[in-house]
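Trainee: Got a structure for you, written out below as structure tokens; questions coming shortly.
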Ligand code: PHE
Ligand code: ZN
């Protein structure tokens, strides 16, 4: 029936809503007050239609005994709603008033029943917040403030209610009707309509409400909990997609068992449902017992999904499932506490993925994400603490700082306490706060009380923004056999925080003998909590090499005094795999930064280290692939005082080309290595495939013609999307006849599969050719480019914004293109548009010509009439 275009593109009469008032208020954490009124129960009745849905609500409201305010006005949040009828205790009420989008009611007593009718148009909802239409079905997204687009309600996470939901709709259009909790009744309603009623016994905040109605089919399974309760599981998708749901189901069952084993958390209802939707602003959403997913994180088979897609599905399925405890049973008091659920849940999903895969490879990947996304956040105009102090639009705070740095903070607690004490702390946390809306302070208090360890000094990680830089230098007294480690820490100012305090930094540290290569001082945990500090090591029998911040024990930047020779030695000898990776990265980074500054580059240590890694018999292929990958253009840029993207790109390509020719035979051998059938999803098979493509990339840097032949062969013979996409990813940056042939073949085969077509757009937007901007402009006019679909928009504009060399093209056309995209997308979906702004935020660090052009584009966006609060906040903060 209705496809993506017809259901999500606005037409004349369903045009986007009027622009919000230009005065955007700042909400502050210090202004938190408990709610004046509570809503212990809510009943909702939906008469569903794609273009017209009627919502009738009944709220039982009562004064909150914990609130000091005793006014008799009840404020119910609304966004774009008009009451069609209001009742108080059964009698029609007409002395209601509106304040902005909110509904104000005067209530004489302490306890009342409020009835409200509204009508909404899901098809016109291009923001994809609230109730919206996607691919012919209806679904909801309420976090953070979407519920107020469905009905009037105190839409804040510290108001918890028991929900009863009745929905009615056309049985052929909406054969499946789902909501939170248990389905308690269902029946026919005449005229081809049917209805269902759902009860959720667990009180929950409005952001966890969910409803789905559509023509969906289930992949069903069951899980028996530790205490022997049987849970019915279902993953709901369009019928054609059913064969692609098994990996998500397997991941779900693994995650359920893992949470029982590692955290003692059992599932608590008889049903658990996952629904895949085509149009979704984020990855997925943890609505109680009815998780709604971006289809990209559900659907996979060998032919259409890469190994990375499979891993991401497992990660996101686990993440949303884990939220049942860290998010739903214990939720957040206010949105400033977002990291309470997100940081903790990311830490939990990271640990899960490590346990079911390879821990060092997973750790490298987590750190790579942190450095690529969170470090730039911390260094730019949008820097904010893990627990922010203020916001204009909360949607802008679903950031890598809140999620990934938040997870690093939890990981530091885990490191400092050790696994047993950490578990005592989390048990106490869940116990104490079950059914409550809690704060980050409550979390730390439970860890302290459970473990008996004082964690107060660590709380500064929640409040102080910025990435600490730690200088380290080791001094060896050969005669006394003593080594002294001198440490210094420093945090640069961030917006609103000019002066920084020293932070407690847990550093796993060991010393490796520079002659023997042995670990001469075993790993110990140093807590650096002063601005300067020295630590001594005894019995240091040979000149030591410093192995510090092992396994990335703290989310910091280490500036250690170590020569290239020492790094090269550590890259081979360090017993901590992460530290080995790190030594390689540092070795490469030094060469690249020197080259970008126009200094002489000594490539030999880098090439020797990569050669030794490739030839090693003991390292696994996935680790090899990680270790030999050069730092990206943007990571190099982060180390420069004045960024010249062309210089960075040139020096990186030269180094890649030198590696490609000097290590040609090793690389081709790694490329040819087999033992990885397409259906083999073991960590080692994934590693072989990874290394195959990474090696090919180096060969291409040295000899495009040779690489194009190898790549085309890999492409044509591929028995998995991993090999196919890997080959195409290499070809797409070459200037060879195979390039266009492969792109066309890929399009012809997969243009009906939206998730694979996203890859086709993304690969071209990531291309390292001089004509990428032209190609991307062309693609934005392509038949299949659908700006209302967030995945498609991100695959083109989001990927392009992260393509350092192309986005920063010297003529400024990359900037103009992304700004145009932001302006166009903002009229439809402000949340997604605002997420495209950050690449502009770093303008101050670029050479003057580019800095001026970037700033101009920010100013152009800022001057656009009717700009959303979302984009307004990001753009004005970027300019400030
Ligand atoms: N809470 C979701 C998660 O991280 C993310 C999300 C936020 C989804 C806002 C939709 C909207 O699991
Ligand atoms: Zn989450």
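The values are calculated or read from the model by the stated rules, or taken from the named source; none is laboratory data. What you are looking at is a predicted structure, and each value in this text was computed from that prediction instead of being measured. Cβ atoms come from the backbone with ideal geometry, glycine included; neighbour counts cover every protein chain shown.
Trainee: Residues 627, 622, 637: which one is buried (at least 18 other Cβ atoms within 10 Å of the Cβ), in contact with a strand residue (DSSP E or B) (Cβ under 9 Å, 6 or more places away or on another chain) and at negative phi?
Mentor: 637
Let's see how each residue does on (1) buried (at least 22 other Cβ atoms within 10 Å of the Cβ); (2) touching a residue at least 60 places away in the same chain (Cβ under 8 Å); (3) within 28 Å of residue 557 (Cα to Cα); (4) within 16 Å of ligand 2 (Cβ to nearest atom):
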site	(1), (2), (3), (4)
303	no, yes, no, no
314	yes, yes, no, yes
317	yes, yes, no, yes
329	no, yes, no, yes
344	yes, yes, yes, yes
347	yes, yes, yes, yes
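Trainee: Then there is this: Filter segment 349-365 for residues that are without any contact (Cβ under 8 Å) to a residue 40 or more places away in the chain and under 19 Å from residue 690 (Cα atoms); which is farthest from ligand 2 (Cβ to nearest atom)?
Mentor: 359
Trainee: Considering segment 184-198 alone, what residues qualify as being crowded, with 18+ Cβ neighbours inside 10 Å and more than 13 Å from residue 174 (Cβ to Cβ)?
Mentor: Within segment 184-198, 197, 198 meet the criteria.
Trainee: Given the structure, is residue 268 within 19 Å of residue 208 (Cα to Cα) and away from ligand 2 (no atom under 16 Å from the Cβ)?
Mentor: Yes; evaluated as a whole, the condition is true for this residue.
Trainee: Check every one of the helices (runs of 4 or more DSSP H) wholly within segment 377-469 and list those with 3 or more residues that are closer than 27 Å to residue 638 by Cα and either modelled with pLDDT of 95 or more or within 16 Å of ligand 1 (Cβ to nearest atom) (or both).
Mentor: 406-417, 460-463
Trainee: Collect the residues in segment 121-172 that are within 16 Å of ligand 1 (Cβ to nearest atom) and either over 29 Å from the mean Cα position of the chain (by Cα) or not in a loop (DSSP other than H, G, I, E, B) (or both), keeping them in residue-number order.
Mentor: Within segment 121-172, 130, 131, 132, 134, 139, 140, 141, 147, 148, 149 qualify.
Trainee: Just for helices (runs of 4 or more DSSP H) wholly inside segment 766-868: which have at least 3 residues that are over 23 Å from the mean Cα position of the chain (by Cα) and surrounded by fewer than 18 Cβ atoms within 10 Å (Cβ to Cβ)?
Mentor: Filter on segment 766-868 gives 772-779, 813-826, 848-862.
Trainee: Which pairs have Cβ atoms under 6 Å, sit 6 or more apart or on different chains, and link a residue in segment 270-282 that is in contact (Cβ under 8 Å) with a residue 60 or more places away in the chain to one that is within 14 Å of ligand 1 (Cβ to nearest atom) and in a strand (DSSP E or B)?
Mentor: Correct list of pairs: 273/290; 275/292; 277/134; 277/139; 278/134; 279/134; 280/294.
One line per residue, one yes/no per condition, for (1) within 21 Å of the chain's Cα centre (by Cα); (2) farther than 26 Å from residue 359 by Cβ; (3) in a loop (DSSP other than H, G, I, E, B):
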{"residue": "233", "(1), (2), (3)": "no, yes, no"}
{"residue": "251", "(1), (2), (3)": "yes, no, no"}
{"residue": "265", "(1), (2), (3)": "no, no, yes"}
{"residue": "269", "(1), (2), (3)": "no, yes, yes"}
{"residue": "281", "(1), (2), (3)": "yes, yes, yes"}
{"residue": "287", "(1), (2), (3)": "yes, yes, yes"}
{"residue": "314", "(1), (2), (3)": "yes, no, no"}
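Trainee: Here is a further query. Step by step: first the residues of segment 331-342, then only those that are surrounded by 24 or more Cβ atoms within 10 Å (Cβ to Cβ) and part of a helix (DSSP H, G or I), then the one that is nearest to ligand 2 (Cβ to nearest atom). Which residue is that?
Mentor: Residue satisfying both the conditions and the ranking: 342.
Trainee: Within the bounds of segment 375-389, is there any residue that is surrounded by fewer than 23 Cβ atoms within 10 Å (Cβ to Cβ) and either within 16 Å of ligand 2 (Cβ to nearest atom) or farther than 30 Å from residue 880 by Cα (or both)?
Mentor: no
Trainee: For residue 614, state whether it is assigned to a helix (DSSP H, G or I) and buried (at least 18 other Cβ atoms within 10 Å of the Cβ).
Mentor: yes
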